[in-house]
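The values are calculated or read from the model by the stated rules, or taken from the named source; none is laboratory data. These figures come from a predicted structure and were not determined experimentally. Note that we place each Cβ from the backbone using ideal geometry, even for glycine, and neighbour counts take in every protein chain shown.
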Amino acid sequence: MPQYKRIILKLSGEALADIDGVGISKNTLDDLAEQIAYLHQQGIEIGIVIGGGNILRGAEAEKLGIDRATGDYMGMLATIINALALQNALLRRDIDARVMSSFTIPEVAEPYILAKALSHFSKRRVIIFGGGTGLPFFSTDTTAALRALELKAEAIFKATKVDAVYSDDPMKNEKAVRYETITYTEFLLKNLKVMDATAVSLCRDFKLPIVLFSIKGKDTLIKAVIDGKVGTVIKEG
């Protein structure tokens, strides 16, 4: 019996990409869709917040001479592309998935409305949230925290490139300490960069646990949600 009834899964854009972190990999997309479909079949209600870094980040747009706000809006559009790709992969597996956007693009996505999202869950649908918060200067990590709180999810699962939270970059510092659990406050005081501080602060205020794990490897999403034996849990002490 799954320990969670409703979760928010936070996927970076790079989680869909090839090894170079760019574009969308069919194998990666299919693997993710298979794992999400399995969790859905276990009766878990799943909302997915997806990033767009495999296509464009607002900070990268600044390097092109594009102002940060415009770059962030471009990045939000990139999240819609990823959301549609994941939706299609789930639909091909007979999983009813809906894309909801923070800004209005009715040709491809529904507007995000809380009551409508709750209705989708009641009808056994997976929801993919695109468009970030709909505002510049906020990360999709913050979007995940907001959606989790609004929808009364029981946890946020953040899939990333590293397998846990470390005291330092383990690729650069072999003495970096790996945490199985860490408190919100400790995470913030240590200024760890693996998740946006605004998102962690929101979760601390409402005691919403965050599980950070690597998307790499076989069935890591299933292991994180069902077994709870991978990654790091950020929670109240």
Worksheet item: So which residues in the range 5-30 are farther than 27 Å from Ser119 by Cα, of a type outside the set (Gly, Ala, Ser) and in a loop (DSSP other than H, G, I, E, B), if there are any at all?
Response: Asp18, Ile19, Asp20, Val22, Ile24
Item to complete: Run down Lys172, Lys123 and say which single residue is more than 12 Å from the chain's Cα centre (by Cα) and at pLDDT 95 or above.
Response: Lys123
Practice prompt. Scan the range 220-227 and give yes if some residue there is in contact (Cβ under 8 Å) with a residue 40 or more places away in the chain, part of a strand (DSSP E or B) and either among the hydroxyl-bearing types (Ser, Thr, Tyr) or under 29 Å from Asp30 (Cα atoms) (or both), otherwise no.
Written response: no
Worksheet entry | First in the range 2-15 and within 16 Å of His40 (Cα to Cα), second anywhere and of a type in the set (S, T, N, Q) and surrounded by fewer than 23 Cβ atoms within 10 Å (Cβ to Cβ), Cβ under 8 Å, 6 or more apart | Pro2/Gln42
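Listed here are the residues, each with its yes/no results for (1) within 24 Å of Asp169 (Cβ to Cβ); (2) at pLDDT 95 or above.
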| site | (1), (2) |
| --- | --- |
| Ala197 | yes, yes |
| Ser201 | yes, yes |
| Leu212 | yes, yes |
| Asp227 | no, no |
| Gly231 | yes, no |
Practice prompt. Would you confirm whether any residue within the range 98-113 is farther than 18 Å from Ile55 by Cα, touching a residue at least 40 places away in the same chain (Cβ under 8 Å) and either part of a strand (DSSP E or B) or out of contact with any Pro (no Cβ under 9 Å at 6 or more places or on another chain) (or both)?
Written response: no
Worksheet entry | Residue satisfying condition, being touching a helix residue (DSSP H, G or I) at 6+ places or on another chain (Cβ under 9 Å), surrounded by 12 or more Cβ atoms within 10 Å (Cβ to Cβ) and not in a helix (DSSP H, G or I), within set Ile182, Ile234 | Ile234
Discussion item. For the range 80-112, give me each residue that is within 21 Å of Ile44 (Cα to Cα) and of a type in the set (Gly, Ala, Ser).
Written reply: Ala83, Ala89, Ala97
Discussion item. Within the range 185-227, take every residue that is among the small types (Gly, Ala, Ser), in contact with a helix residue (DSSP H, G or I) (Cβ under 8 Å, 6 or more places away or on another chain) and closer than 12 Å to Lys158 by Cα and give me the one that is surrounded by the fewest Cβ atoms within 10 Å (Cβ to Cβ).
Written reply: Ser214
Discussion item. Anything in the range 65-79 that is in a helix (DSSP H, G or I) and either in contact with a Ser or Thr (Cβ under 6 Å, 6 or more places away or on another chain) or among the small types (Gly, Ala, Ser) (or both)? List them, or say none.
Written reply: Ala69, Gly71, Gly75, Ala78
Worksheet item: Given the conditions (1) of a type in the set (D, E, K, R); (2) within 19 Å of Leu192 (Cα to Cα); (3) more than 14 Å from the chain's Cα centre (by Cα), and given that Asp141 satisfies all but one, which numbered condition is not satisfied?
Response: (3)
Worksheet item: How many residues does the range 121-142 hold that are touching a residue at least 12 places away in the same chain (Cβ under 8 Å), in a helix (DSSP H, G or I) and surrounded by fewer than 24 Cβ atoms within 10 Å (Cβ to Cβ)?
Response: 2
Item to complete: Could you list all residues from the range 65-87 that are of a type in the set (A, V, I, L, M) and over 18 Å from the mean Cα position of the chain (by Cα)?
Response: Ile66, Ala69, Met74
Worksheet item: How many residues does the range 31-64 contain that are part of a helix (DSSP H, G or I) and either surrounded by 15 or more Cβ atoms within 10 Å (Cβ to Cβ) or not acidic (Asp, Glu) (or both)?
Response: 14
